[in-house]
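The values are calculated or read from the model by the stated rules, or taken from the named source; none is laboratory data. Owing to the predicted nature of the structure, the values given are computational and were not obtained by experimental measurement. Neighbour counts run over all protein chains shown; Cβ positions are idealised from the backbone, glycine included.
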Amino acid sequence: MNHHIFTKFKIGSTDQCPCAAGAMTAEPILQTCPLNKFLRKRFWSQPTSLQNKLFGCLDDLRRTATFARETQTTI
Ligand SMILES: [Zn+2]
């Protein structure tokens with residue numbers, strides 16, 4: 001995520017998401033970022049909490065990891 005890489009490691013020129021809606025953190029990537037809207041719908045056809053996506057069962061975590069890989073995001 002740009003936010004983590006930028007603030008912790010001082011790598012890159014910004015922590016902002018390319019959609020310009022704010023910092024690129026786990027929550028907008030997994031829940032609201034318009035750039036990932038269609039991919040999110042493919043992975044989670046029903047509304048799913050951030051808690052489940054990050055701290056759910058093994059299947060939840062596998063789905064989140066695959067989503068992150070497809071969005072080329074490091075979470
Ligand atoms: Zn975004």
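What to note about this one:
- Selection count, the range 57-75, where residues are surrounded by fewer than 16 Cβ atoms within 10 Å (Cβ to Cβ) and either in a helix (DSSP H, G or I) or more than 10 Å from the chain's Cα centre (by Cα) (or both): 9
- Across the range 1-10, a minimum of one residue is classified as modelled with pLDDT under 95, surrounded by 12 or more Cβ atoms within 10 Å (Cβ to Cβ) and of a type in the set (S, T, N, Q).
- Pairing residues of the range 1-26 that are in a helix (DSSP H, G or I) with residues that are hydroxyl-bearing (Ser, Thr, Tyr) and at pLDDT 65 or above, at Cβ distances under 9 Å and at least 6 apart in sequence or on separate chains, gives Asn2/Thr14; Asn2/Thr25; His3/Thr25; His4/Thr25; Phe6/Ser13; Phe6/Thr14; Ala26/Thr73.
- Applying a threshold of 8 Å to beta carbon distances and a minimum spacing of six or more residues, or different chains, the list of pairs starting in the range 28-57 at a residue that is β-branched (Val, Ile, Thr) and ending at one that is not in a helix (DSSP H, G or I) reads Ile29/Met1; Ile29/Cys17; Ile29/Thr71; Ile29/Thr73; Ile29/Ile75; Thr32/Ala21.
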